[in-house]
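Beneath this line is the structure, given in structure tokens, with notes to follow.
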Amino acid sequence: MSFIHRLADVSECEIGEGTNVWQFVVILKGAKIGRNCNICAQTLIEGDVVIGDNVTLKSGVQLWNGTRIESDVFIGPNVTFTNDPFPRSKEYPESFNGVHIKCGASVGANATLLPGITVGEKSMIGAGAVVTKNVPAKAIVFGNPAKIIRWID
């Protein structure tokens, strides 16, 4: 059974069995969230977002349209996702170019991911990193711009 805190604002969406949605979370119509996820306080999930199973979203994360997060992913507090490479006030692209996080990846607190980035399976992004290009599977990256510092065995 899923748990949705009484102070969360959850529209018509799919939420898998065993997922917890905590206070002050906003989930817009159409979002798809898998099983056994933990959606921590003060997160926002737009409608064209897909989240796999066993995902942890820590507080202060906003997932914008076009974002895809596969299973077993950890997203640290206040990670910034983007989806528009040329944002302008009151001007919207025909489609949004969201971030894709592959299975088993982890993203550290306050990292920033630019539009269209793919983060490879089981990779790790260090806290505060600014990710400007794709991250290969099992890479550990950090810095601004994020660079590979080593690999996970």
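Read the figures in this text as sums done on the coordinates, not as results from a lab. Fair warning: this is a prediction, and the values are worked out from it, not measured in the lab. Positions of Cβ are generated from backbone atoms using ideal geometry, with glycine treated the same way; all protein chains shown enter the neighbour counts.
What to note about this one:
- Under the convention that each Lys and Arg Cβ holds +1 and each Asp and Glu Cβ holds -1, the size of the dipole of segment 60-153 around its Cα centre is about 220 debye.
- For segment 44-55, 3J(HN,Hα) per residue [Karplus equation, 6.51 cos²θ - 1.76 cosθ + 1.60, θ = phi - 60°, Hz, x = Gly/Pro]: 10, 10, 6, x, 9, 10, 10, 10, x, 8, 6, 9
- The residues packed around Gly126, meaning those with a beta-carbon under 13 Å from its beta-carbon, carry a net charge of +2 if Lys and Arg are +1 and Asp and Glu are -1.
- Net charge dipole size for segment 1-130 [Lys, Arg +1 and Asp, Glu -1 on Cβ; Debye, nearest 20]: 260
- Shape call, segment 30-72: gyration tensor on alpha carbons, a/c limit 1.5: oblate
- Alpha-carbon centroids, segment 34-90 and segment 93-116: separation in whole Å: 8
- Per residue Cα convex hull volume in Å³ - calculated over the chain: 95
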